[in-house]
Structures are given as structure tokens and as C-alpha cells.
Amino acid sequence: MKRILTGIQPTGTLHLGNYFGAMRPAIALQEEGEAFYFIADYHALTSVQDPARLREYNLGVALDFLACGLDPARASFFLQSDVPQVTELAWILTTVTPMGLLERAHSYKDKLAHGLPASAGLFTYPVLMAADILLYDSDVVPVGKDQKQHLEITRDLAVKFNETFGETFKLPQPRIQETTATVPGLDGQKMSKSYGNTIEIFADEKTMRKKIMSLVTDSTPVEAPKDPEGSNIVALYRLVASPEDVATMEREYRAGGVGYGDFKKRLFGAVWEFFAPMRQRREEILAEKGYVDDILAHGARQARASANHVMQRVRKAVGLREQP
Ligand code: TYM
């Protein structure tokens, strides 16, 4: 059976980029195989250094992912740090990781450019991610486009390891959905917490409306025709509205006579409605005390069993003693 795996960092509340880039594809894939979905809290330590906040984000992301449709009966859902074997594998992988490979990583360079201090953890981040993926013999990894290079690094490390120590790891395939590979944020750049341009899925009505009304547009006057291609309003609307409603908006863009403010209001309405059932589900889950903790505990047990199995193989391959 195909093994599907993905992770999300608990560095804040989840946004439309997370949802359309990774969560929705992952939720669709849970029907097709054995799914392992986790909250990457070890990774989050490279940017969140406040224990209360980390705990809050962990719980929030778990709640949000479940509300969006992760089905704990089909997918094992767990906290990365509940399977500490992953750090052992990450260490072993660092010993076959060429420095140059990490020096070329976009996300590291990008984070430095955005002012994150350069810790060794940030630098070796892709190795921990490779360990996440290889530890579970993953076949398919649904992610947004920004993770493409990390998947390439994972495959490179698996090949390098296999060449050095004999066939041990499967080579995972990224699954990047063309239409949602990069969801734009309020300013048209990739939607990202570190750019401060996100629309949170479960923001309250007033906050979400305010955010969407603050979307950056050009200064084309109301009467003038506008180009729907390259408009971040239209790009976001395509994610949440029906094809007919999208066609209407595109037509009105081209015809002129409607201002960006009106289009933004329509976008807000569609986003709000799209997530209504998930908001409802979230309330239900919140009311069920202990539900999220139980799911994570159960998921962790399943993940640990699978991880132990692969780690025995790895320890044997490199010449470490197999654990009793
Ligand atoms: P993270 O937490 O930044 O994002 C989680 C997922 O959301 C996707 N995503 C987007 N997709 C499209 N458009 C956007 N604007 C957008 N913003 C975020 C990301 O591509 C990602 O799929 N390193 C990972 C977490 C991770 C992981 C793993 C993923 C750790 N180990 C193993 C897969 C497998 C990260 O920081 O994602």
C-alpha cells in the first residue's frame, strides 16, 4: 500500500496557502493509501523559542487540520517530537550530507534574508525534513512548490545513503498540485507567515474581512477595464468560488465599471462561505474535551512502531547495534 506523508510547521495559525498547497491535497490522498501526517514541532524550534506559544500553536494546528477534514481513522496524525527516532535518523543522514547541498538551499537563504538568525538548526533543517520522510518509507509527499527543493534534497540523501550502505531507503515523490502550487498573499508574493501577508483560515469575520479588504491592487480607476490575469483577487477567488462566479468576475474585470473594493467584498464572501463547514466542525471538536490529545497519542504510537522498524534497518546498514 502506498505511504503518503506530509508535515506542517506550528509557527502560527494556518493560512490559505497551507490549506490549498498541502492540506487539501493531503486530505484527498488519505483515501488512497496509508497516510502519516504530522506537526513539525522540532522544525518550528528554529523560529519559535517561546514554550507557551509552541504548545499553543501545536494544539491550534492539530485542531485546524482535523477541522479541515483530516480523518484520524484513515491517517496517523502525530507530533513530530513524539517520535524522537527522527532526530537519530537526521544525525545519521548528516554524515552523508555534502555541505554544498545545504549551502544551496533556497529556504535557508530566504530565511536569512528575512532576518532569522543563522543557527545550525536552520542550516540542517532540510536533513531533518529528509529524516521525516525517509523514516516512514514514504512514497508520496503532498506539498506546496516552496518545498520542492527539500524533496530533491531528500531524494539526493536517500540515493547517497543507499550507495554508501546498500539499498535502505525508498525514493519519495513530491506531489505538487499545479493550480495551487503557490497561493499568493495579500501583496501578491507567496502567502507566507514570514512575509506577513497571510489570510488565516479560521480568522474571525471582522479580521478576515479587514485583511481581504487590505489586498494590494494597482490604481486602475473604477470605470477602466482591468486585467484578471495577474490579479491576486482573481487568483484567490479561483480557489474558493464556482467556475460560473469566477467567469462573471473575469468578465466584469475586462468590461470595467466595477472597482477593486467590490471584487474584494465578493472574494471575502466566497472565502468566508468556503470555510463555513470547517468552522462548524472546529467548534464541535473544541467542545469534545481530550479529543485532539487522544488522536495525537494514538497517531504517535502508530508512527513510533513504523519508525522503529525502519531504524532497525538503518542501524544495521551503518553498523550500529540493533536495539533490543
Ligand atoms: P510549512 O509549515 O511552511 O507549510 C506547510 C505546507 O503548506 C505549503 N504552503 C504553501 N503552498 C502553496 N502556497 C503557499 N503560499 C504556501 N505556503 C505554505 C508548504 O509548501 C507545505 O507543504 N518544511 C515544511 C514542513 C515539513 C515537511 C516535512 C513537509 C517538515 N517536514 C516532511 C513535508 C514532509 C514547512 O516548513 O512547511
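The values are calculated or read from the model by the stated rules, or taken from the named source; none is laboratory data. Since the model is a prediction, treat every value here as computed from it, not as a measurement. Note that each Cβ is placed from the backbone with ideal geometry, even for glycine, and that neighbours are counted across all protein chains shown.
Look at the range 125-154: where a residue is not assigned by TED's automatic domain parsing to the domain that holds GLY7, no partner that is more than 10 Å from the ligand (Cβ to nearest atom) sits 6+ places away or on another chain with Cβ atoms under 8 Å. On inspection, LEU116 qualifies as within 14 Å of the ligand (Cβ to nearest atom) and part of a loop (DSSP other than H, G, I, E, B). So SER47 passes all but one of these: (1) surrounded by fewer than 22 Cβ atoms within 10 Å (Cβ to Cβ); (2) more than 10 Å from the ligand (Cβ to nearest atom). Which condition number does it fail? Of (1) surrounded by fewer than 22 Cβ atoms within 10 Å (Cβ to Cβ); (2) more than 10 Å from the ligand (Cβ to nearest atom), only one is false for SER47: (2).
One line per residue, one yes/no per condition, for (1) of a type in the set (Phe, Trp, Tyr); (2) under 30 Å from LEU236 (Cβ atoms):
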{"site": "LEU135", "(1), (2)": "no, no"}
{"site": "SER138", "(1), (2)": "no, no"}
{"site": "HIS150", "(1), (2)": "no, yes"}
{"site": "THR180", "(1), (2)": "no, yes"}
{"site": "VAL183", "(1), (2)": "no, yes"}
{"site": "LEU186", "(1), (2)": "no, yes"}
{"site": "TYR195", "(1), (2)": "yes, yes"}
{"site": "THR198", "(1), (2)": "no, yes"}
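Going through (1) part of a loop (DSSP other than H, G, I, E, B); (2) surrounded by 20 or more Cβ atoms within 10 Å (Cβ to Cβ) one by one, LYS170 falls short only on (2). Comparison of THR179, THR207, THR164 shows that the only residue that is surrounded by fewer than 17 Cβ atoms within 10 Å (Cβ to Cβ), in a helix (DSSP H, G or I) and within 11 Å of the ligand (Cβ to nearest atom) is THR179. Would the range 31-41 turn up any residue that is among the hydroxyl-bearing types (Ser, Thr, Tyr) and surrounded by fewer than 23 Cβ atoms within 10 Å (Cβ to Cβ)? No, there is no match, as no residue in the range 31-41 is among the hydroxyl-bearing types (Ser, Thr, Tyr) and surrounded by fewer than 23 Cβ atoms within 10 Å (Cβ to Cβ). A single member of TYR57, TYR37 is in contact with a Gly (Cβ under 8 Å, 6 or more places away or on another chain), of a type in the set (Phe, Trp, Tyr) and farther than 30 Å from VAL318 by Cα, and it is TYR57.
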